[in-house]
Amino acid sequence: MAAAPDLELESMNLSMERERREELEGEKMGEGGDSNYPPKSKKVHRIVSKWMLPEPVRRTYLERANCLPPPVFIISVSLAELAVFIYYAVWKPQKQWITLDTGILDSPFTYRPDKRKEAWRFLSYMLVHAGVQHIVGNLFMQLVLGIPLEMVHKGLRVGLVYLAGVIAGSLASSIFDPLKSLVGASGGVYALMGGYFMNVLVNFREMIPAFGIVRLLIITLIITSDMGFALYRRFFVPENGSPVSFAAHIAGGFAGMSIGYTVFSCFDKALLKDPRFWIAIAAYLAFILFAVFFNIFLSPAN
C-alpha cells in the first residue's frame, strides 16, 4: 500500500530537481551568455515556460526565448475592444456603464440575425461588449493568458486560435440560438482557455503537478462564473434588456480544445506537418460549411 505514495514522492522530488537544474542553467546562460539578454528577462521567460510548456520542451524555449516580436496581437485586439467600449459608453452615452444594450444592439459591429448578410458581423462582434463586467472579464483573461501564450507561440498561432474561436462562436450562435444577437470576445477567450486547458490536462505530469491542479481549478472557476453571467443575461434579463446569446462560449471552447490544443502542443514542431492540425482544420471547415448551409436554407431567422 505504501508503494503509491513513495512513487508520488519520488515524482515530486524529480520535478523539484528539474526545476533547480533549469534555474541553474538559466542563471549560467544569463551570466555567461549573450550580454544583450538581461538575467531578469531570462527569469521572466523561465516563469512563463513553467506555466505554458511541458518540461521536455522548456529548455528549447529558453535557448531561443526573446520578446521579438512582442505580444502585439493580443495587446492590439484588447486595445481595439477597449476603444470601442469607451466609444459606446462615453461618446454615445447610455443609461449606465454596466449595461449598454441599446447602443450596442444598433452598432454595425454587433452580430444580429436580421443583419446576417453583412458577413463582417460574424467577426466584428468581438469588439462590442455589454458592460463593464463583460469587458473587464474578457480583457483580464485574454491579457493574463494571451500574453504568455504569445510569448511562447508567437502572434500568428495565437491569432489563429483566437479568431477561430470568435468565428466558431458567431456561427454556433446562428445555429443554436438563431434569433438572438451576439456581442463580446468570449469566443476568442474561451478558445485560448480551451487550448491551454487541454495542454495542461494532457501534459499534467510534465507541467508541475501542484501547479497543474491550481491551473485547472482557476480555469474551472473562471469558466463557471463567466458562463453563469452569460446564462443570467440570456435567460433572466428582462425582455426590454435585449438578452444576448451565450453559444459563443461553448463553441469557442471546443475550437480551442481542437485547433488550439493542436497549435499549442506543436511548440517545437512544424505546425503544417502535423496531421492533427489538418484533421482539426478539416473538422472546423466542415462545421463552417454546415453553418453557412443552415443560415441560407434552414435558419428560423429567414
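Quick check on region 110-175: take the gyration tensor over C-alpha atoms, sort the square-rooted eigenvalues as a ≥ b ≥ c, and tell me if it's rounded (a/c under 1.5), prolate or oblate. Cα axes put region 110-175 in the oblate bin.
Of the listed residues 52, 198, the order by accessible area with a 1.4 Å probe, largest first, is 198, 52. Taking all protein chains into account, the per residue accessible area for region 141-185 stands at 28 Å² (1.4 Å probe).
Measuring with a 1.4 angstrom probe and ignoring ligands and nucleic acids, residue 281 comes out at about 40 Å² accessible. Residue 223 exposes around 60 Å² of accessible area when a 1.4 Å probe is run over every protein chain in place. Near residue 111, the amide H atoms lying under 5 Å from its own belong to 125, 182; only residues 5 or more places off or on other chains count, and H is placed 1.01 Å from N. Placing 64, 112 in order of accessible area, with the largest value first and a 1.4 Å probe, yields 64, 112.
Can you give me the convex hull volume of the Cα atoms of region 40-194, divided per residue and expressed in Å³? That works out to 119 Å³ per residue. Taken along its principal axes, the alpha carbon cloud of region 123-237 reaches lengths of 45, 31, 26 Å, longest axis first.
The solvent-accessible area of residue 136, taken with every protein chain present and a 1.4 Å probe, is close to 80 Å². Accessible surface comparison of 298, 68, probe 1.4 Å, protein chains only, largest first: the order is 68, 298.
The values are calculated or read from the model by the stated rules, or taken from the named source; none is laboratory data. Note that the coordinates shown come from a computational prediction; the quantities given were computed from them, not determined experimentally. Side chains included, ligands, DNA and RNA excluded: accessible areas come from the protein's heavy atoms. Shrake-Rupley method; radii C 1.70, N 1.55, O 1.52, S 1.80 Å.
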